[in-house]
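See below for the structure under consideration.
The values are calculated or read from the model by the stated rules, or taken from the named source; none is laboratory data. From a predicted model like this one, the values you see are computed outputs, not experimental measurements. All Cβ positions, even for glycine, are placed from backbone atoms using ideal geometry, and neighbour counts span all protein chains on display. These accessible areas exclude ligands, DNA and RNA; they are computed on the full protein's heavy atoms, side chains included. Shrake-Rupley method; radii C 1.70, N 1.55, O 1.52, S 1.80 Å.
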Amino acid sequence: MINSKTGIIGLIGHPVGHSLSPQMHNRMFKALNIDYRYVAFDVEESNLEDAIKGIKALNIRGANITIPHKVNVMKYLDIISSEAKAIGAVNTIVNQNGTLIGHNTDGEGYVRSLIEETKIDLTDKGVIILGAGGAAKAISYTLGNYPLKEIIICNRNREKSMKIKNNLEIDALAIDYDEIIHFIKKADIIINTTSVGMTPNLNQSLIKKEWIQSHQVVSDIVYNPLETKLLKDASSRGATVHSGLGMFIYQGVFAFEKWTEISPDPELMKNSVLDAIQKD
Ligand code: ATR
């Protein structure tokens with residue numbers, strides 16, 4: 001039963017209909033017997049400020065923020081974590097007794113799942129990131145805390161990749177797709193942060209299959225489909241592959257911990273998402 005003591009966590013985005021977060025978090029609340037519910041709210045840009053004020057007014061305990069509000073939401077919050085500030089986007093809000101704190105768990109979620117699934121030691125590794133949007137920012141910022149050799153950001157729009165490069169404290173380079181051939185075969189890790197390869201564009205990949213080497217880890221943040229063309233190509237070349245599902249699960253794990261101070265079971269969260277995907 002839901003009553004006035006039930007803790008509500010909201011998802012604020014537009015659209016939110018296809019999100020798998022409600023399923024993932026509600027299954028976990030139930031498994032841990034925590035009196036919380038996760039509810040999706042479809043909020044248009046013009047209503048964002050009122051929606052955020054509503055978190056306080058309704059004593060909603062926390063929220064996830066998704067496309068297209070991750071950047072604009074920042075101006076309505078009381079405190080922004082240093083990580084979210086550096087990334088320039090918020091995906092998680094905690095309502096701490098009326099103070100709204102913004103966090104970003106995307107980068108941390110991504111790196112945790114990369115290490116967990118591939119067992120890679122990031123020391124001295126060279127990384128190529130495809131794309132320079134919000135996800136690339138979060139991932140490169142978190143990877144920048146590891147002792148990598150370098151991060152190369154490849155994007156159509158050089159201004160955006162330069163901006164990310166300039167904010168990193170480790171060796172970094174901004175390149176475009178005409179230059180990638182000179183770098184890609186030597187990279188240890190290739191990460192696609194663009195939507196290329198996402199349903200319905202199943203036959204698209206930003207890099208040629210022949211460029212992929214068997215020593216490489218090839219990672220895609222797309223999880224719809226679970227195996228993109230990039231990952232299929234990488235598998236057939238003998239590379240280690242890492243799909244976008246792990247990032248989605250672990251950004252949720254870290255958000256869950258911030259709302260409840262309880263560590264959820266990533267395996268159970270993953271299974272509930274896989275169930276939802278298979279039902280679709
Ligand atoms: P997100 O916040 O999810 O990262 P985004 O901010 O829209 O999404 O960023 C998407 C990134 O994917 C962008 O860097 C975009 O390239 P541009 O900056 O040049 O626009 C990149 N991207 C999207 N579609 C692409 C395509 N067909 N080819 C190459 N890059 C693409």
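What number comes out for the charge environment of ASP171, summing +1 per Lys or Arg and -1 per Asp or Glu over other residues with Cβ under 13 Å away? List each step's numbers first, then the result.
Values: positive: LYS125, LYS149, LYS165; negative: ASP124, GLU150, GLU169.
Result for the local shell: 0.
At 1.4 Å probe size, with every protein chain present, just tell me what the per residue accessible area of the stretch 89-194 comes to in Å².
44 Å²
What number comes out for the charge environment of GLU83, summing +1 per Lys or Arg and -1 per Asp or Glu over other residues with Cβ under 13 Å away? List each step's numbers first, then the result.
Details: positive: LYS85, LYS137, LYS258; negative: ASP106, GLU108.
Here the charged neighbours net out to +1.
Once the whole set of protein chains is in place, how much accessible area is left on GLU257, using a 1.4 Å probe, in Å² to the nearest 10?
Rounded to the nearest 10, that gives 60 Å².
Mind scanning LYS137/LYS209; LYS209/LYS232; LYS85/LYS125 and naming the pairs with a C-alpha gap bigger than 18 Å?
In this structure, LYS137/LYS209; LYS85/LYS125 lie more than 18 Å apart at Cα.
If you find the alpha carbon centre of the stretch 4-27 and of the stretch 208-272, how far apart are they in angstrom?
21 Å
I need to check one value: relative contact order of the chain, counting alpha carbon pairs closer than 8 Å and at least 6 residues apart, in percent.
Normalised by residue count, the contact order of the chain is 16 percent.
Can you give me the solvent accessible area of VAL196 with a 1.4 Å probe, rounded to the nearest 10 Å²?
40 Å²
Taking all pairs of distinct Cα atoms, average 1/r, flip it, and tell me the Kirkwood hydrodynamic radius of the stretch 1-148 in Å to one decimal place.
16.5 Å
Sort all Cα-Cα distances of the stretch 224-264 into consecutive 10 angstrom bins from zero, then give the percent of pairs in each bin up to the one containing the longest distance.
In whole percents, the pair-distance histogram is 28, 33, 22, 15, 1.
Taking the Kirkwood radius as the inverse of the mean 1/r across Cα pairs, report the Rg/Rh of the stretch 152-280.
1.02
Once the cut-off is 17 Å, how many percent of the Cα-Cα pairs in the stretch 75-196 end up in the long-distance tail?
Above the 17 Å cut-off, the stretch 75-196 has 57 percent of its Cα pairs.
Could you work out what % of the accessible surface of the chain is carbon and sulfur, using a 1.4 angstrom probe and leaving DNA, RNA and ligands out of the count?
48 percent
Dividing the alpha-carbon Rg of the stretch 153-201 by 2.2 N^0.38 Å yields what?
Expressed relative to 2.2 N^0.38 Å, the Cα Rg reads 1.24.
Which three lengths, in whole Å and largest first, does the chain cover when its Cα atoms are put on their principal axes?
Principal-axis extents of the Cα atoms in the chain, largest first: 59, 38, 33 Å.
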